[in-house]
Amino acid sequence: MRTKPGHCARKRRFASEAAANDMAAIAQVTLRPYRCGLCRQWHLTSRTKGMKLPPFELARRKAAARDR
Ligand SMILES: [Zn+2]
């Protein structure tokens, strides 16, 4: 994914994909970690359309379906 400089500066950075995933897992919306080509760290994006869902999101949806 191409990242715009301003976009990178405004976004929260994570040192690792695991750290980004931890944050995404507790967020209210579906977020997906991606590696930034500018800062070489990880950001989260809410654009998940057409993207493979991260493992925690699949688990979350499975749990929601089961609880219902
Ligand atoms: Zn960045």
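The values are calculated or read from the model by the stated rules, or taken from the named source; none is laboratory data. Because the structure is predicted, anything quoted here is derived from the model rather than measured. Counting neighbours? That spans all protein chains shown, and the Cβs are built from the backbone with ideal geometry, glycine included. SASA here: full protein model, heavy atoms, side chains in, ligands and nucleic acids out. Shrake-Rupley method; radii C 1.70, N 1.55, O 1.52, S 1.80 Å.
In table form, for the structure just shown:
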{"read-out": "Å² per residue, accessible surface of the chain at 1.4 Å", "value": "76 Å²"}
{"read-out": "Full-stretch length increase - ALA27, ALA63 - with 0.36 nm per residue and alpha-carbon distance subtracted", "value": "11.4 nm"}
{"read-out": "Vicinal HN-Hα couplings computed from phi for region 36-50 (Karplus, 6.51 cos²θ - 1.76 cosθ + 1.60; Hz; Gly/Pro x)", "value": "8, x, 8, 9, 6, 10, 10, 10, 10, 10, 8, 7, 10, 4, x"}
{"read-out": "Amide H contacts under 5 Å for THR45, placed H, 5+ residues apart", "value": "ARG32, TYR34"}
{"read-out": "Segment LEU38-CYS8, length gained on full extension (0.36 nm per residue, minus Cα span)", "value": "10.1 nm"}
{"read-out": "Relative contact order of the chain, pairs being alpha-carbon contacts under 8 Å that are 6 or more residues apart, as %", "value": "30 percent"}
{"read-out": "Heavy-atom accessible surface of the chain: percent carbon and sulfur, 1.4 Å", "value": "52 percent"}
{"read-out": "Within region 12-28, backbone nitrogen closer than 20 Å to the virtual label 7 Å beyond the Cα of THR48 toward Cβ", "value": "12-14, 16-28"}
{"read-out": "Intensity falloff of region 5-67 expressed as log10 I(q)/I(0), Debye formula with alpha-carbon point scatterers, at q = 0.12, 0.13, 0.17, 0.28 Å⁻¹", "value": "-0.31, -0.36, -0.58, -1.26"}
